[in-house]
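Here's the structure we're looking at; comments come further down.
Rule-based calculations on the coordinates, nothing more; no lab input. These figures come from a predicted structure and were not determined experimentally. When we count neighbours, we look across all protein chains shown, and the Cβ atoms used for this are built from the backbone with ideal geometry, even at glycine.
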Amino acid sequence: MRRKFCSELTFPSVQSLLPEFTHEQLQLLVILMAFVIVLIFESLYANNERSLKTFQQNYLTNIILFIFNSILMSLLSVYSLLTIADQYSTEGLLSRISNPVVKIVVSFMLLDLTLYFWHKANHTFSFLWMFHKVHHSDPSFNASTAFRLHFVELLLTAGVKALYIVVLGVDKAVVIISEAAITVFVIFHHMDISVPGEKWLGRIIIVPYLHKAHHSVRREEHDRNYGAVFSIWDRIFNTMIEIKPAEIGLKYVKARSFMELLLFGFVRVYP
């Protein structure tokens, strides 16, 4: 009887014990974990000395913008990227690849290439730059700069990612892995630190010193280094630059408050 009783017992799976997260919640969790780790490293090894007032103002503005964007994106999202992946993962160009490892690698590389061209488009077309310039308006360069994004740019980027998922037929698991990895990389390459072996690493991935050049006030310098993860796209398409910028941000644009940044996103100028 005891053996029979034990055999009839059912135990919940690990997956059933874990709460179900939406795509936005998963991304938020990864961002918060990565940001805390990066903030610790940056506070210990930052290249530039910053006054407490500048530190507080910069971080507070960028974090408030991040919170606003997170809430807004959650309210506006009818279909998350994971929902789209569920519907189209068997119909895209990559659906014929049976090897899961190969599919993950190819999907991730193509997503990074897509984001390279999308980033370049944000610098090329005035309508897109109108919103993207909010990110470049930060007069300093630190991990919180990664969150200095206008909500319209985030919505447009989500549309680009959704199209990428539909066309390629990307699996839900691949979307989760890719989003997490790219999020961590974007926060990483906004860190104001020197990375050991960064010159060598910079031949493969985007490291802080490469992305810092992208935040130069000089247009001929900030219209370079568009990569999100891999630097190979910038080298292939001749958009790589390796310099130490004299000044960060946009000309004639100083630190702005949260509301000023939202309105600044609708101003058609290229300072």
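General observations
- Counting every C-alpha pair in segment 51-264, the share spaced more than 24 angstrom apart comes to 44%.
- Excluding same-chain neighbours fewer than eight residues apart, the lysines reachable from Lys172 by a Cα-Cα span under 17 Å are Lys103, Lys161.
- Exposure proxy ranking, count of Cβ atoms within 10 Å, fewest first, for Thr90, Thr61: Thr90, Thr61
- Segment 51-264 - percent relative contact order, Cα under 8 Å, separation 6 or more: 27 percent
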